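Step one of this worksheet: look at the structure below.
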Amino acid sequence: MEKKQRAARAGRLRRWVAAAAIGLMALVIGAPSAMAQGSDSVEGKTFVIGTDTTFAPFEFRKDGELTGIDMDILQAIAEDQGFKVEVRSLGFSAALAALSANQVDGVIAGMSITDERKEIYDFSEPYFESGVQMAVSQKDEDIKGYEDLDGKTVVAKTGSEGEAYAKSISKEYGFKVKSLDQSATMYESVKSGSAVAVFDDYPVLAYGIAQGNGLKTVTDKVPGGSYGFAVNKGENTALLAAFNDGLAELKANGEYQKILDEYLADPSAAVPSNFFDLVAKSFPALMTGLWHTLLVTAISFAIAMVLGLVFGFLKISHNIVLRGIATTFVNIFRGTPLLLWAFMFYFGLPQLTGWEISVWTAGVLTLSLNAGAYVAEIVRGGIQSVDPGQLEASRSLGLGYGKSMQKVVVPQAFKMMTPSLINQLIISLKDSSLLLAIGFAELLYQGQQIYAANFRVTETLLIVGVIYFIAIMALTKLANYADRRFNK
């Protein structure tokens, strides 16, 4: 009996020891978890934030620097909460695509908080209460309200509160709504007469009028949505919490109101006085854009030449597999829009592979592969245009196929290819302007940044056009000189 009692006491002791060991292990295993929760602090971290390219006064460029209400609030919150931000100016739609592709950690772009967007993104507390107003040309004395819009066309920004409000009352007042991507182009549309009025967020409209965009408001402000900072649903919760904490702090210490007053009280101070003043102010930014345009064109065309030579020779190969590979490459990149590949490389590839792609890499890949497909056809056509008798004569003299191609066929083909290659180089330079859609800071992108801030669209585009013309003419002369030099 005593033996059984000792055995029972020993069993209880073993169970207590086992329980203590399990508890200790749980504490040890749980420690990293607690430490991980502690590491959710944003202090000292750098976050990549996407934004619009042109949405003054919330984001626009002043003397080449991205500024505005959104930018100042973001920087002030980052400083208050102890983290850093790297801002990528992509455009509204591109910024949301970059967020979905995890190319950026969050987006701040004057984005209204809507029920549809809340299903995809987590929003901060509202940092600005917006509203919609209608404006017409300063010279228009006929339209004084919604009742004068019967049978007319108005413009609004795609996906904005202005567009939603205009469409909600269009049937009641009998007008059509045309959606455009930028406030600056909407205002030009009204001034040119292709639309009679514009519906836009009231601070954007007020800023444009103060900058001399040639419009005037004719209706009262209609309460609109609230602007919020967005992150992917369920992700970057620490960043979102830090944004909310920082925003509350800015409102409490008066910094928030100070930022609003700076942009909404008197935004007309930076208006260039005349055309030559505009040229002088915009010249540094446009030269930076021109340098990026020339550099991305040069790098891309060099890669395209290599691709074109390889696939051009494969296209004339007697091997059906090699010929099929080359034909597939050419058909894919010649038969699809260049802009599609820009979006695919910058937004799609990171989602498929998990690798972050820089805007430069995406731009070079897009232009190289597109131009490579056309160069391959130029190479194929050039070689096949050489009289077959030239190759036969060379072979009859004892030269091998490779030597015959190198010494006889290719030199003649290259002379015939040169004008087409020069033409393709010019096309690649002009196509580089499409990269502005993914935020590549080339020449037209810089022009867009400038007129988004001062609303002088026609004058700015005229300056950009002259720079393009001079650059392309200089490049053409240089290429023709090289052609005469090496093909004489």
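The values are calculated or read from the model by the stated rules, or taken from the named source; none is laboratory data. Everything quoted here is computed from the prediction, not taken from an experiment. Note that we place each Cβ from the backbone using ideal geometry, even for glycine, and neighbour counts take in every protein chain shown. Calculation scope for accessible area: heavy atoms of the full protein, side chains included, ligands and nucleic acids excluded. Shrake-Rupley method; radii C 1.70, N 1.55, O 1.52, S 1.80 Å.
What to note about this one:
- Using a Förster distance of 30 Å, the FRET efficiency for Glu249-Glu356 (Cβ separation, nearest 0.05): 0.45
- Rounded Å value of the spacing that divides the Cα centres of segment 148-203 and segment 62-129: 25 Å
- Largest accessible area first, the listed residues Arg380, Arg485 line up as Arg485, Arg380 when surface is computed with a 1.4 Å probe on the assembled protein chains.
- Dividing the helix sum by the residues of the chain, where each DSSP H run of 4 or more adds -39500 (n - 2.57), gives a mean residue ellipticity at 222 nm of -19500 deg cm²/dmol.
- Segment 156-201: chymotrypsin sites (Phe, Trp or Tyr not before Pro) in DSSP loop, at most 13 other beta carbons within 10 Å: none
- Estimated at 0.36 nm per residue, the fully extended path between Lys430 and Val466 surpasses their Cα-Cα distance by 11.6 nm.
- For segment 167-315, the Cα-based Rg and Dmax, in that order, read 23.4, 69 Å.
- Cα extents of segment 360-405 along the three principal axes, largest first (Å): 49, 18, 7
- The residues packed around Gly382, meaning those with a beta-carbon under 12 Å from its beta-carbon, carry a net charge of +2 if Lys and Arg are +1 and Asp and Glu are -1.
- Relative pair counts by distance (%), Cα atoms of the chain, 20 Å bins: 19, 41, 25, 11, 4, 1
- Unsatisfied cross-links (Cα-Cα over 32 Å) in the set Lys233/Lys281; Lys221/Lys430; Lys258/Lys281; Lys157/Lys233; Lys45/Lys167: Lys233/Lys281; Lys221/Lys430; Lys45/Lys167
- Using only alpha-carbon positions in segment 57-172, the gyration tensor eigenvalues give semi-axes of 33, 18, 13 Å once each is multiplied by 5 and square-rooted (largest first).
- Longest to shortest principal axis, alpha-carbon extents of segment 372-488, angstrom: 71, 29, 16
- Most to least accessible of Met186, Met416, Met305 (protein chains only, probe 1.4 Å): Met416, Met305, Met186
- On a per residue basis, the chain carries 50 Å² of accessible surface, using protein heavy atoms and a 1.4 Å probe.
- ³J(HN,Hα) computed for each position of segment 306-311 - Karplus, 6.51 cos²θ - 1.76 cosθ + 1.60, integer Hz, glycine/proline x: 5, 4, x, 5, 4, 6
- Kirkwood Rh, Cα atoms: Rg over Rh of segment 260-396: 1.24
- Net charge of neighbours whose Cβ lies under 9 Å from the Cβ of Ala326, counting Lys and Arg as +1 and Asp and Glu as -1: +3
- Inter-label distance, Met344 to Leu260: 4.6 nm, where each label sits 7 Å from its Cα along the C-beta direction.
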